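Contents: one structure, followed by commentary.
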Amino acid sequence: MASDDGRGGGGAALARPLPGGAGTQAAAVAAAAMSDQTLGLLLALSSSLFIGASFVIKKRGLRRAGSTGLRAGSGGFSYLREPLWWLGLLTMAAGEVANFAAYAFAPAILVTPLGALSIIISAVLAHYLLAEKLNAFGVVGCLLCMAGSLAIVLHAPQERPISSVLQVWGLAMQPWFLLYVLAALGSTLYLIFAVSPEVQASNILVYVAICSIVGSLSVMSCKALGIALKLTFEGRNQFIYPQTLFFILVVASAVVAQMNYLNKALDLFNTAIVTPIYYVMFTTLTIAASMIMMREEQSATQLLTEASGFVTIVCGTFLLHTTKDVDLPMEAFAQLLVSGSAGSSTSANGLGLGLGGGGARSDNAAEDGLELGSMGTPKAAALRRGPR
């Protein structure tokens, strides 16, 4: 590749073809792509950290404001005078900015699933800072989310280099992606106008599906807008193209629609059910839209590993949310494991030394631990009833 600075021998030296020039240039492009993808990964991780921490900071601010004035749940606005709440809001804004920027450097198939890490960070921080204890199921759920995220990070595809927002527009004009957009818009309009209000208010999937479908289109537009900003900061102004303004319009419209219907879903249904279903549907549709539009080349091994990682994250997210009200402390869970492993009399006697008795005492300890931690859980009730 020739230099255009024209400074004597240095330019001539650069102009001379090097042995294996094509391979060297391809390696340089791959290295640049790897660098961008690493930056996108770091931005996605920092976004999860900021967003997860923001929930805890804002809740501490709400508690502090509620102790001196009318609580937000009762219609009060005293939290607006609480600096800690504003700190949480700024932290969330920083996380959303980092998430937006991550789409400019890394593929959506890598960035979107990592949003589950914010759930882990929020749960862990709430355990220590808000005294909202993380039970044994929650710990297992966190570990599953981390394992699934690691599988996706290690096998995510390299994104093709983008040199102009017009290139993104060309990708969006592919027949298969246009077909996806038409199907998405048709499904959304059907769910909004054709489905009766009674069904909308009774079926959790209606509002969540609207949010997820619109969200998949917003992520693709966010990615295009992020790339436009990135190239503009590099000195190649992309806001001279009307396509950039179109992507801004799509992002703004999609965000308003998502907020509207997600609020309706949260108002009508249990948050512990809405959140994991929304995460699964939104992430699935976003990955599908990204694969159709960006057409990243992947091997069968990559696809299977990414799918396995995503399913693992889904399982961890469901476990974390649906069991958050089950009061099973880690101590009682450990006692259950110990009592279950006491198969032989020798091991039972050995464990009895540590628990203050034999196998029967060990079972009683596990039962007592469950009764202390969760008097109303089905497992505790079954243990109290004993075998029929």
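Name the residues in the range 79-102 that are of a type in the set (Ser, Thr, Tyr) and under 22 Å from Thr275 (Cα atoms), would you? Spell out the reasoning first.
Filtering the range 79-102 for residues of a type in the set (Ser, Thr, Tyr) gives 79, 91.
Across the range 79-102, the qualifying residue is only Thr91.
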List the helices (runs of 4 or more DSSP H) inside the range 71-167, counting only whole elements, that have at least 1 residues being in contact (Cβ under 8 Å) with a residue 12 or more places away in the chain and either under 18 Å from Leu320 (Cβ atoms) or assigned by TED's automatic domain parsing to the domain that holds Tyr241 (or both). 117-129, 136-155
Is it the case that some residue within the range 123-133 is buried (at least 22 other Cβ atoms within 10 Å of the Cβ) and either polar (S, T, N, Q) or under 16 Å from the mean Cα position of the chain (by Cα) (or both)? yes
Can we say Ile287 is in the same structural domain as Lys223 (by TED's automatic domain parsing), in a helix (DSSP H, G or I), within 22 Å of Gly215 (Cα to Cα) and not small (Gly, Ala, Ser)? yes
Quick check: is even one residue across the range 258-266 surrounded by fewer than 16 Cβ atoms within 10 Å (Cβ to Cβ) and farther than 30 Å from Glu198 by Cβ? no
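The values are calculated or read from the model by the stated rules, or taken from the named source; none is laboratory data. Note that the structure is a prediction, hence the values are computed from the model and not measured. Virtual Cβ from ideal backbone geometry, glycine too; neighbours counted across all protein chains shown.
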